1. Name the single residue that is modelled with the highest pLDDT among those in region 71-81 being surrounded by fewer than 18 Cβ atoms within 10 Å (Cβ to Cβ) and out of contact with any helix residue (DSSP H, G or I) (no Cβ under 6 Å at 6 or more places or on another chain).
2. Mind listing whichever residues of region 252-265 are in contact (Cβ under 8 Å) with a residue 24 or more places away in the chain and either farther than 17 Å from residue 215 by Cα or assigned to a strand (DSSP E or B) (or both)?
3. So which residues in region 321-342 are closer than 14 Å to residue 353 by Cα, free of Cβ contacts under 8 Å to residues at least 40 places away in the same chain and not in a loop (DSSP other than H, G, I, E, B)?
4. Would you say residue 109 is surrounded by fewer than 17 Cβ atoms within 10 Å (Cβ to Cβ), farther than 25 Å from residue 204 by Cβ and touching a strand residue (DSSP E or B) at 6+ places or on another chain (Cβ under 8 Å)?
5. Can you tell me which residues in region 211-226 are surrounded by fewer than 19 Cβ atoms within 10 Å (Cβ to Cβ) and under 15 Å from residue 242 (Cα atoms)?
6. What do you reckon, is residue 229 under 25 Å from residue 161 (Cβ atoms) and either buried (at least 18 other Cβ atoms within 10 Å of the Cβ) or at pLDDT 95 or above (or both)?
7. Restricting to strands (runs of 3 or more DSSP E) lying wholly in region 359-445: which have 2 or more residues that are under 26 Å from residue 34 (Cβ atoms) and touching a strand residue (DSSP E or B) at 6+ places or on another chain (Cβ under 7 Å)?
């Protein structure tokens, strides 16, 4: 799980907000803003695009993070500052989400809208902004149970008149109206009419479902092929997976022919696999309630037999299991860590948690045991996390600290709560106070 860098408690005299700046320092190496005052405590959320959301620290109910997201719960409103401490928005909002260098989404009294901090004006006050897409400069809006689309300047792309609106594809916008599906270009021009029972999009194609099958279109609206099938999906630009009578086969779209006679319960590309365009993950039933999997290549040849339970790839490796024993494969689908462990977790920072002969251990990418943990794997009160920047969180007897790759406790277990290191800093809490420490355990002031 990737650590999301938050910022730190701010200490300063009580603001009347006639002031327009929080006095302090922005630590660029850590992405943390701190102040030189101690009369009032503030917490600054993660800095994005040179901006950070700040809260009254004593009114925080929780701070959590996961992957590249964070969630701060506070009993008091939040505001926005830049990296110099200048107050861009006073503490008046239930939530502030940073969209880009000058646009934020504001939430107050269950209303969501966009605001331009550069122009100091509301972009979309008349709209209820549901979600935004940073790399595409568009945002989903709603009026009651109907949805529309605007750009980040507030210009209307699609009116709020669709029961379903899906702007997640970079090339097309799929919509549902009056029980039928159609789609638009990202500029709002109609691409396919509202005559389909269902619709989806992939990297290169649009799949439009009718009563008698699936029509496959390119992203310009030109029909490529029709299948008398309930389900078709893209594996690569030239290869489709087509379902037929409950089985799935590969189809060569460039040469308009089926690739092989072999069929599987399911064919898919594998998540985060750099060889996903030449190796495909295939599934078959393994008893009543379980599945087994393996890999085939673009010609349909077996690369890894369909005998295993295979996880998602991370850092070039995926977990693999058979007969309750687990190891790892690389992206060439070769077993590089023998199936000798009771359980394994994904690799983080080149290190994986595992259980070996009932004991918690940490291993490297070759399966070498780096150290054995004294954590009891049967209890929820003790835990050791994944490695980030060479350090992992350890929790025991209600207190947390950090260990290195040898298992040595290099930051004592003194804290009530800790988050993993990122950019050399980790957010911790002690006695209901949040602050950051460096890799030596020293508080960052």
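The values are calculated or read from the model by the stated rules, or taken from the named source; none is laboratory data. Note that this is a predicted model, so its numbers are computed, not measured. Don't worry about glycine lacking a Cβ; one is built from the backbone with ideal geometry, like all the others, and counts go over all protein chains shown.
1. Checking each candidate, the answer is 77.
2. Matches in region 252-265: 259, 260, 262, 264, 265.
3. Pass one, region 321-342, residues closer than 14 Å to residue 353 by Cα: 326-328, 337, 340-342.
When the remaining residues are screened for being free of Cβ contacts under 8 Å to residues at least 40 places away in the same chain, the result is 326, 328, 337, 340-342.
Scanning region 321-342 gives 326, 328, 337, 340, 341.
4. Numbers: surrounded by fewer than 17 Cβ atoms within 10 Å (Cβ to Cβ): yes; farther than 25 Å from residue 204 by Cβ: yes; touching a strand residue (DSSP E or B) at 6+ places or on another chain (Cβ under 8 Å): no.
When the stated conditions are applied, residue 109 does not pass them.
5. 212, 213, 224, 225, 226
6. On the way: under 25 Å from residue 161 (Cβ atoms): no; either buried (at least 18 other Cβ atoms within 10 Å of the Cβ) or at pLDDT 95 or above (or both): yes.
When the stated conditions are applied, residue 229 does not pass them.
7. In region 359-445, the matching strands (runs of 3 or more DSSP E) lie at 383-388, 391-396, 399-403, 409-415, 426-430, 433-437.
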